[in-house]
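Reviewing the structure listed below.
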Amino acid sequence: AQTVTQSQPEMSVQEAETVTLSCTYDTSENNYYLFWYKQPPSRQMILVIRQEAYKQQNATENRFSVNFQKAAKSFSLKISDSQLGDTAMYFCAWTGNQFYFGTGTSLTVIP
Amino acid sequence: DTAVSQTPKYLVTQMGNDKSIKCEQNLGHDTMYWYKQDSKKFLKIMFSYNNKELIINETVPNRFSPKSPDKAHLNLHINSLELGDSAVYFCASSQGDRNTEAFFGQGTRLTVV
């Protein structure tokens, strides 16, 4: 079965600090894609970052970067220089024949 | 221009009623989805349509029926609404290739009273 696990239901970080959100997944496939989505209180789902499984280089988008460990099936998100606007639910997702989402991590950035 | 639009954004209705949520995407995508997000924020796939054909139907009560008149639209009709149907429903679309992101509508908050 394809599953995505986010083991941290809630996290908090001081403004300007760095935080890492964990995600693991389970698949027998070799070629797939991973995503992190952000859902702020407005409830709009926003793509944060994408990683191709065949690429060893970790994806980076401004303050957001991932640590992709394919053998360990781990895909964590690092947010640097946290800002108040980063407060949101964060969902890890894996694509097979559909998007499989994790249970989410609620991140609060503290002023 | 809004890429994926859902209407209405909010829907309050009584138990037993029938309601519909509309979804349209202007991205030219081949695949559209309906997700249900419960009070714990879990996102569960309900339906997936590829070129107007249903390709996934998770264990959803048959009171829920998707209708796709064309590949730009995927509407969700719900019969005999129950209290447990209260949730946020998201429509999304993607190109269907695994390397493309899913674009989401703004969600419809359904409240059954």
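The values are calculated or read from the model by the stated rules, or taken from the named source; none is laboratory data. From a predicted model like this one, the values you see are computed outputs, not experimental measurements. Glycine also receives a Cβ, built like all others from the backbone with ideal geometry; neighbour counts cover every protein chain displayed.
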Checked segment B:72-97 for anything surrounded by fewer than 18 Cβ atoms within 10 Å (Cβ to Cβ) and more than 25 Å from B:Gly16 (Cβ to Cβ); matches are B:Ala72, B:His73, B:Gln95, B:Gly96, B:Asp97
Those residues of segment B:67-103 that are within 11 Å of chain A (Cβ to nearest Cβ) and in contact with a Cys (Cβ under 7 Å, 6 or more places away or on another chain) come to a total of 1
Taking segment A:69-98 and keeping residues under 17 Å from A:Ala59 (Cβ atoms), within 9 Å of chain B (Cβ to nearest Cβ) and either more than 13 Å from the chain's Cα centre (by Cα) or loosely packed, with under 15 Cβ neighbours inside 10 Å (or both) leaves A:Thr95
**OP:** State whether one or more residues within segment A:49-58 are over 11 Å from the mean Cα position of the chain (by Cα), facing chain B (nearest Cβ under 9 Å) and more than 30 Å from B:Ser5 (Cα to Cα).
**Re:** no
Over segment B:51-70, the set of residues within 14 Å of the chain's Cα centre (by Cα) and either buried (at least 18 other Cβ atoms within 10 Å of the Cβ) or aliphatic (A, V, I, L, M) (or both) is B:Leu54, B:Ile56, B:Val60, B:Pro66, B:Ser68
ask   = Restricting attention to segment A:69-77, does a residue exist that is within 29 Å of B:Ser5 (Cα to Cα) and part of a helix (DSSP H, G or I)?
value = no
Scanning segment B:55-89 residue by residue, those within 20 Å of B:Ser5 (Cα to Cα), in a strand (DSSP E or B) and among the aliphatic types (A, V, I, L, M) turn out to be B:Leu76, B:Ile78, B:Ala87, B:Val88
Across segment A:2-49, the tally of residues that are of a type in the set (Lys, Arg) and modelled with pLDDT of 95 or more stands at 1
Counting only residues in segment A:99-111 that are of a type in the set (S, T, N, Q) and buried (at least 17 other Cβ atoms within 10 Å of the Cβ), the one farthest from the other protein chains (Cβ to nearest Cβ) is identified as A:Thr105
Restrict the check to segment B:90-106 and report whether at least one residue is modelled with pLDDT under 95, outside any strand (DSSP E or B) and β-branched (Val, Ile, Thr). yes
Restricting segment B:17-50 to residues that are over 25 Å from A:Pro41 (Cβ atoms) and crowded, with 20+ Cβ neighbours inside 10 Å, the one nearest to the other protein chains (Cβ to nearest Cβ) turns out to be B:Ser48
The lone condition A:Ser42 fails out of (1) touching a residue at least 12 places away in the same chain (Cβ under 8 Å); (2) more than 23 Å from B:Gln95 (Cβ to Cβ); (3) at the interface with chain B (Cβ under 10 Å from one of its Cβ atoms) is (1)
